[in-house]
Amino acid sequence: MSNYDVIIVGAGFAGATVAQQCAEKGRKVLIIEKRKHIGGNAYDYMLDGIDVHAYGPHIFHTNNKEAFEYLKRFGDFYPYEHRVLGHIQDKLVPIPFNLKSIELCFAGKIADELKEVLIKEYGMGNKVPIMELRKNNNPQVHMLADFIFENVFKYYTMKQWGLKAEEIDPAVTARVPVNVSYDDRYFNDQYQYMPLNGYTALFEEMLKDDNIDILLNTDAKDHIDLDLDKGKIYYRGKEFIGKLVYTGALDELLDYKLGELPYRSLDLVLEKHQGTFQKAATENYPGNIETYPYTRITEYKLFKETYPQDYTYTHTEYPLAYKRDGEKGNIPYYPIFTNENDKKYKAYVNELKNFHNLYLLGRLAEYHYYNMDAIIAKALGLVCKL
Ligand SMILES: Cc1cc2nc3c(=O)[nH]c(=O)nc-3n(C[C@H](O)[C@H](O)[C@H](O)COP(=O)(O)OP(=O)(O)OC[C@H]3O[C@@H](n4cnc5c(N)ncnc54)[C@H](O)[C@@H]3O)c2cc1C
């Protein structure tokens, strides 16, 4: 038998939060992480004095005070409000689309009329999902809605999810509103901050408890076996009667016995440039795939007010299908929500019905997209249960 009370697979926000909380309560914790670093997809590192997010840009924003207060225990944060510009018809336009975007995309008199009718229909300060705007019968609003859908949402969504135009689920685009105001912030949450010394430093602080052991470069599959019929967990060949918190992919854990759970992935291309590359920290390219085969470019130094002047680093995001053995796209990033995939996921969960000490947590294990704050909150909730 091992002397661990809790074994956690994965050192992302899900695993690290559970580990920190259990260790603080005096439990002996082992984290098994197959990557060579902690931090999961939020892992970042310094490159020539610039904080680069290895798996794509991560911006902390939340309305969950508890999650933010929890994270603040492990490092300082600075206020940061994310703003995005989109390359639309050779102009740089604020996204979410707002009254300023209308002024930039339409000539003076037409822009004035469009703003006026939008304010009259929905009220100044409100946010309208694009699909709701498209249902409006007012011809001017309708024209505007079609313009925004075509130029901001349609091709971006197609590229991101690998879909044809007719396959786009209205629910996907409904989440991104059009702002009937001059508010050009990408997020509206009450707390919008970035960790002063980066995410990895937060993780180091979270996991420094003597009660936590971490095995990096280690695939849990090499050490953990499950007896599905008896509901027993084995760690290095011996029965483990503590709690196992699993934050990896469920199909992988169960050897893909019911088939693969599909994901979208990204090919993130890191480039160094002279000077400063772009105007906003993130610029979107919502044009069609032939014009722009990528969705967005993030310039990391623009997350901070002071940064090196003479060089810069960017990540360009090329979405692609996840392929576990692929040279590119071999990281499962975004679960793909369809009824069929949901059914398959639930069938996988059902395979684990005999276990009383195995807990699934996180974006992979739950096959659900969570923001960082949401997964921290979920992890804190699980610890109460444990
Ligand atoms: C491109 C991108 C941008 C994002 N931007 C934001 C943002 O701006 N703001 C925000 O709030 N959220 C953002 N997110 C979401 C954020 O990344 C997640 O909320 C967070 O990663 C969830 O943490 P997790 O612990 O569930 O998963 P992960 O961070 O993926 O951690 C899981 C860990 O488990 C390990 N693992 C898996 N299987 C095994 C195994 N068999 N053995 C050992 N280890 C294993 C993995 O290596 C990984 O380190 C973004 C996500 C992506 C993909």
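The values are calculated or read from the model by the stated rules, or taken from the named source; none is laboratory data. Predicted model only: the values in this text are computed from it and were never measured. Counting neighbours? That spans all protein chains shown, and the Cβs are built from the backbone with ideal geometry, glycine included.
Only residues that are under 20 Å from the mean Cα position of the chain (by Cα) and away from the ligand (no atom under 11 Å from the Cβ): list them for the range 46-63, please.
Within the range 46-63, D51, V52, N63 qualify.
Looking at Y313 and the list (1) modelled with pLDDT of 95 or more; (2) within 15 Å of the ligand (Cβ to nearest atom), which single condition is not satisfied?
(2)
Anything in the range 179-200 that is within 19 Å of the chain's Cα centre (by Cα) and outside any strand (DSSP E or B)? List them, or say none.
Y186, F187, N188, D189, Q190, G198, Y199, T200, listed by residue number.
List pairs: first in the range 147-167 and within 20 Å of E283 (Cα to Cα) and without any contact (Cβ under 8 Å) to a residue 24 or more places away in the chain, second β-branched (V, I, T) and part of a helix (DSSP H, G or I), Cβ under 7 Å, 6+ apart or cross-chain?
Note: pairs meeting the criteria are T157/V172; T157/T173.
From F77, F60, F13, grab the single residue that is aromatic (F, W, Y), closer than 30 Å to G242 by Cβ and either out of contact with any helix residue (DSSP H, G or I) (no Cβ under 8 Å at 6 or more places or on another chain) or touching a residue at least 40 places away in the same chain (Cβ under 8 Å) (or both).
Matching residue, one of F77, F60, F13: F13.
When you scan the range 1-107 for strands (runs of 3 or more DSSP E) that lie fully inside it, which ones turn up with 3 or more residues that are buried (at least 17 other Cβ atoms within 10 Å of the Cβ)?
Qualifying strands (runs of 3 or more DSSP E): 6-9, 29-32, 50-53, 60-62, 84-88, 91-95.
Would you mind finding the one in K304, K353, K344 that is away from the ligand (no atom under 13 Å from the Cβ), over 23 Å from K159 (Cβ atoms) and at pLDDT below 95?
Among K304, K353, K344, only K304 is away from the ligand (no atom under 13 Å from the Cβ), over 23 Å from K159 (Cβ atoms) and at pLDDT below 95.
Restricting the search to the range 1-60, which residues are touching a Phe, Trp or Tyr at 6+ places or on another chain (Cβ under 6 Å) and among the aromatic types (F, W, Y)?
The answer is F60, and nothing else.
Looking at (1) closer than 26 Å to A19 by Cβ; (2) outside the structural domain of D51 (by TED's automatic domain parsing); (3) not aromatic (F, W, Y), which is the one condition that is false for K328?
Result: K328 fails condition (1) only.
When you look at G248, is it within 12 Å of the ligand (Cβ to nearest atom), in the same structural domain as A23 (by TED's automatic domain parsing) and not charged (D, E, K, R), yes or no?
yes
Name every residue in the range 360-376 that is in contact with a strand residue (DSSP E or B) (Cβ under 9 Å, 6 or more places away or on another chain) and buried (at least 19 other Cβ atoms within 10 Å of the Cβ), in order of residue number.
Matches in the range 360-376: L360, L361, G362, R363, L364, A365, Y367, N371, M372, D373, I376.
Checking the structure you have, find out if any residue of the range 244-262 is over 27 Å from W161 (Cβ atoms) and aliphatic (A, V, I, L, M).
Within the range 244-262, one or more residues are over 27 Å from W161 (Cβ atoms) and aliphatic (A, V, I, L, M).
So that you can scan it fast, the table gives a plain yes or no per residue for (1) farther than 26 Å from Y367 by Cα; (2) free of Cβ contacts under 8 Å to residues at least 24 places away in the same chain; (3) small (G, A, S):
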| site | (1), (2), (3) |
| --- | --- |
| D222 | no, yes, no |
| L226 | no, no, no |
| F240 | no, no, no |
| T282 | yes, no, no |
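Checking Y182 against (1) within 16 Å of the ligand (Cβ to nearest atom); (2) out of contact with any Gly (no Cβ under 6 Å at 6 or more places or on another chain), which test does it fail?
Every condition holds for Y182 apart from (1).
Output the residue which, of all residues in the range 293-336 that are without any contact (Cβ under 8 Å) to a residue 40 or more places away in the chain and of a type in the set (A, V, I, L, M, F, W, C), is farthest from S265 (Cα to Cα).
Top of the filtered list is L302.
Taking A201 and the conditions (1) within 13 Å of the ligand (Cβ to nearest atom); (2) farther than 30 Å from F337 by Cα; (3) aliphatic (A, V, I, L, M), which numbered condition does it fall short on, given that it satisfies the others?
Condition (1) is where A201 drops out.
Any idea which of (1) within 14 Å of the ligand (Cβ to nearest atom); (2) not in a strand (DSSP E or B) is the one K208 doesn't satisfy?
Of (1) within 14 Å of the ligand (Cβ to nearest atom); (2) not in a strand (DSSP E or B), only one is false for K208: (1).
Looking at E351, is it out of contact with any Cys (no Cβ under 9 Å at 6 or more places or on another chain) and surrounded by fewer than 17 Cβ atoms within 10 Å (Cβ to Cβ)?
Yes, satisfied.
I need a count of the residues in the range 351-386 that are within 25 Å of R264 (Cα to Cα) and of a type outside the set (D, E, K, R).
Qualifying residue count for the region: 17.
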